[in-house]
Amino acid sequence: MNAFHISLIVAISVISICLIMVMIRFFKGPTLPDRVTAFDLFSANIIGITAIYAVLTDNTSVMDVAIILSLISFLGAMSFAYYLNK
């Protein structure tokens with residue numbers, strides 16, 4: 001293993017810790033906008049982990065999953081924002 005792979009593994013570990021903190025905010029969040037923001041951040045972290053996994057395994061088809069997940073996450077965030085504005 002070289003330093004690049006070690007740094008990618010460390011990055012996945014740090015993002016996993018962030019996922020735990022975001023889940024705490026999602027379940028503890030007192031208001032709906034807090035939960036929506038936590039959900040959006042959760043999906044961004046999952047996209048980051050998916051991209052790092054694609055680089056680690058040299059599997060480019062996983063990047064398609066990350067792109068589709070980002071589109072779905074964006075549409076979800078926009079629908080929540082529309083709901084909150086009404």
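Bear in mind that the values in this text are calculations on the coordinates, not laboratory data. Since the model is a prediction, treat every value here as computed from it, not as a measurement. Counting neighbours? That spans all protein chains shown, and the Cβs are built from the backbone with ideal geometry, glycine included.
Observations on the model:
- Rounded to the nearest whole Hz, the Karplus-based 3J(HN,Hα) values (6.51 cos²θ - 1.76 cosθ + 1.60, θ = phi - 60°) of region 7-17 follow the sequence 5, 5, 5, 5, 5, 5, 5, 5, 5, 5, 5, with x at glycine and proline.
- Inter-centroid distance (Cα atoms) of region 39-86 relative to region 1-33, Å: 14
- With the charge dipole of region 20-86 set up from +1 on Lys and Arg Cβ and -1 on Asp and Glu Cβ about the Cα centre, the Cα lying farthest toward the positive end among the listed residues A77, A44, A66 is that of A77.
- Degrees between helix 32-57 axis and first principal axis of the chain (Cα, 0 to 90, nearest 10): 10
- The chain: relative contact order as a whole-number percent, Cα under 8 Å and 6+ apart: 26
- Checking (i) 5.9; (ii) 5.4; (iii) 5.1 against mean projected area of the Cα convex hull in nm² calculated from these atoms, the matching label is (i).
- Between T31 and F74, full extension at 0.36 nm per residue minus the direct alpha carbon distance yields a gain of 13.4 nm.
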